[in-house]
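Reviewing the structure listed below.
What follows draws every value from the coordinates through simple rules; no lab data is involved. Keep in mind that what you see is a predicted model, and the values were worked out from it rather than measured. Note: ideal-geometry Cβ built from the backbone for every residue, glycine included; neighbour counts use all protein chains shown.
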Amino acid sequence: MNLHLENQSVAVIGAARGIGRAIAEGFIAEGCRVRGFDREKNADFITAGNVTSYNMVKSFAAEFERVDHVVFCVGVGSGKFGFPFWNLEPFEWTRVLEVNLIGAVNVAHAFAPRLIERGGGSILFLVSVAGQMGSQTDPPYSASKAALINFTQCAAKDLGPHNIRVNALSPGMVKTELNQSIWAAGQKLLPEEQRQSFDEWALQKIKKVSHLGRWQMPEEYAAMACFLASDHAKNITGQTINIDGGQVMHA
């Protein structure tokens, strides 16, 4: 399928690692001009910055002479095992909400005027299955992604008349640093004889939560992100699309 994305300009926020890096490389493979934004500059196409700083995000948006598509691929957890939720103190929610939700709002505010000026385009937010089923593993993370799904719908309604589509892409079990941090936090709470390696824990969890029983790969999200940016998806907006091996269905 030819997505006809050649020479289009794409901003990928969270492009240094994991799914965000795969999405950036996916757009590059489609012939797009990609500029990334992340805490670390580990590639020439990435600008270093912090999504919680609206001024930094606005400065990044101003670097674009023209922008066609914006992808937000940022997500952090609390670093603690959140079941029950009072294992965390209320103050430990703040950073997660600031990065995962307010960071996305900063990006939307910074880029929406540019897309409106262009007369169309797309915004894609990376969310999570955790935001759709009240996952108890990390309540601040789940709540922030649930809020971002709702904001996706709000933004889709506001920007639809400007021919701008806004969608959310929802991962399930992916080998990323975030998943490894969840494993590490949970293991700390167990007696030493009950602790598992990351691979053992992941295999057990995948079999429990996913009908297909296998990892999802970053490249799958890159393929979907490119498709959603293309004219093949011109009537898809306000949607949350799961690539999760059946995890939400299972829940």
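Divide by every residue of the chain the summed helix terms, -39500 (n - 2.57) for each DSSP H run of at least 4, and state the resulting mean residue ellipticity at 222 nm, rounded to the nearest 500 deg cm²/dmol.
Calculated mean residue ellipticity at 222 nm is -12500 deg cm²/dmol.
I need the per residue convex hull volume for region 51-200, using only the alpha carbons, in cubic angstrom as a whole number.
111
All other residues with a Cβ under 10 Å from the Cβ of Leu3 taken together, and with Lys, Arg as +1 and Asp, Glu as -1, what is their net charge?
Every neighbour counted, the sum reads -3.
First select every other residue whose beta carbon is under 14 angstrom from the beta carbon of Val70; then total the charges, Lys and Arg +1, Asp and Glu -1.
Once all neighbours under 14 Å are counted, the net charge is +4.
Find, among the GluC sites (Glu not before Pro) in region 6-90, those assigned to loop by DSSP (not H, G, I, E, B) with at most 11 other beta-carbon atoms within 10 angstrom.
Answer by residue number: Glu6, Glu40, Glu63, Glu65.
Mind grabbing the base-10 log of I(q)/I(0) for region 1-126 at q = 0.09, 0.12 Å⁻¹? Debye formula, identical points on the C-alpha positions, no solvent, two decimal places.
The Debye formula, applied to the Cα set alone, gives -0.28, -0.47.
Over all directions, how big on average is the projection of the convex hull of the alpha-carbon atoms in the chain, in square nanometres?
If you wrap the Cα atoms of the chain in a convex hull and average its projections, you get 13.4 nm².
Starting from the eigenvalues of the Cα gyration tensor, five times each then square-rooted, give me the equivalent ellipsoid semi-axes of region 121-249, largest first, whole Å.
The three semi-axes for region 121-249 are 32, 16, 11 Å.
What residue among Ala147, Ala24, Ala225 has the largest mean-square fluctuation in a Gaussian network model of the chain, using Cα springs under 10 Å?
Ala147
For region 114-144 and region 206-226, write down the distance between their C-alpha centroids in whole Å.
First find each Cα centre; the distance between them is then 17 Å.
Beyond a 29 Å Cα-Cα separation, which of these cross-linked pairs lie in this structure: Lys208/Lys234; Lys41/Lys157; Lys145/Lys234; Lys58/Lys188; Lys41/Lys207; Lys145/Lys188?
Flagged as over cut-off: Lys208/Lys234; Lys41/Lys157; Lys58/Lys188; Lys41/Lys207.
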